[in-house]
Ligand SMILES: [Fe+2]
């Protein structure tokens, strides 16, 4: 079973025109007039903005605007057949173009045969005193950010641990890291992204967590910190609300981030310089969730006014396998 990453995100929004304008300014390329809500990224992934109640949207239990369907790209027909055979045992599958769709934990997921398009990235070398990797060469100058890939999608979900176990037991996702009582980071088996999916605890004691199934944010990958901040500056110049926190770096996955409040629901995150991992990665548990959240931030939010205690541990193989190896019968 090789799920290789996010093929498409479908948003359900109350105001499609403002959401489409937002993602155009964000740097996504409109696919054309025939499908005005469709945007494409360099690797061929898509974002589709649809109005709430659009016939193309599957029924979902997600509350509020945001992503209402995640389409996973599957590398080959045999893997797609294996996924369908597995899920078809106890779930109703709907055949769609290039694959099938199913509802899990109230979230519509589809699984589509996909070969990503290749693209080029060439991040500038980084200089440091005594370590000159860029002599007589200035960094690239840019006008716009152009996200190349969809790195991950995040939902707040009431039973986030059960949902995580299901993704691992039935769909081959790997556990990358855990924030105790807060969230679980999951990687598709055919991807080296630290995570493609994050399930947050909808009941966590954190702003915006109200116990309901909601879309939280999606992460769009850019080349480096320059492209990330060029994008953020451009969005502010276009009148969009800036991030309260500004530029930051997560400790979990080491990624640079800039979150923009999105009129399509939740937030849209520019991301760069994340950890890439494979099955040699040893998952960690951050029992002080905010220690995992932030390495640094430009503006210190109220919830980080006191530096979190330094604390984490590596999970044992038995802890990682707990509740997964034997599989689960249903969601
Ligand atoms: Fe993120």
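The antiparallel fraction among DSSP beta bridges confined to the chain stands at about 70%.
Counting neighbouring Cβ atoms within 10 Å and putting the fewest first, the residues 294, 176 line up as 294, 176. As a proxy for reagent exposure, 229, 167 were ordered by neighbouring Cβ count within 10 angstrom, fewest first; the result is 229, 167. Net length available on complete extension from residue 21 to residue 317 is 101.9 nm, with 0.36 nm assigned per residue and the Cα-Cα distance removed.
Hey, if you drop one equal point scatterer on each alpha-carbon of the range 1-91 and run the Debye formula without solvent, what base-10 log of I(q)/I(0) do you get at q = 0.15, 0.21, 0.24 Å⁻¹? Once normalised to I(0) and log-transformed, intensities are -0.67, -1.05, -1.19. Counted by neighbouring Cβ atoms within 10 Å, the residues 305, 322, 223 run from fewest to most as 305, 322, 223. Computed from Cα atoms alone, the Kirkwood hydrodynamic radius reported for the range 47-184 is 18.5 Å. Residue ranges 24-31, 265-272, 279-286 sort as 265-272, 24-31, 279-286 when ordered by packing (mean number of other C-beta atoms within 10 Å per residue, highest first).
Give the average over all directions of the projected area of the C-alpha convex hull of the chain, one decimal, in nm².
The orientation-averaged projected area of the Cα hull of the chain comes to 17.8 nm².
Among 193-206, 98-111, how do they line up from the highest to the lowest mean number of other beta-carbon atoms within 10 Å?
Values: 193-206: 22.0, 98-111: 19.3.
Order by mean packing, descending: 193-206, 98-111.
Quick check: residue separation of residue 302 and residue 138 times 0.36 nm, minus the Cα distance between them. What number comes out in nm? The span from residue 302 to residue 138 would gain 55.3 nm if fully extended. For the range 191-324, the normalised intensity computed at q = 0.12, 0.15 Å⁻¹ comes to -0.54, -0.85 (log10 of I(q)/I(0), Debye sum over alpha carbons, equal scatterers, no solvent). Compactness ratio for the range 149-240: Cα radius of gyration over 2.2 N^0.38 Å (N = residue count) comes to 1.23.
Counting DSSP beta bridges with both partners in the range 1-155, what percentage is antiparallel, nearest 5?
Numbers: 23 of 34 bridges.
Counting DSSP beta bridges with both partners in the range 1-155, the antiparallel share is about 70 percent.
No lab work stands behind these numbers, since they all come straight from the coordinates. Computed from a predicted structure; not experimentally measured. Neighbour counts are summed over all protein chains in view; Cβ atoms, including those assigned to glycine, are modelled from backbone coordinates with ideal geometry.
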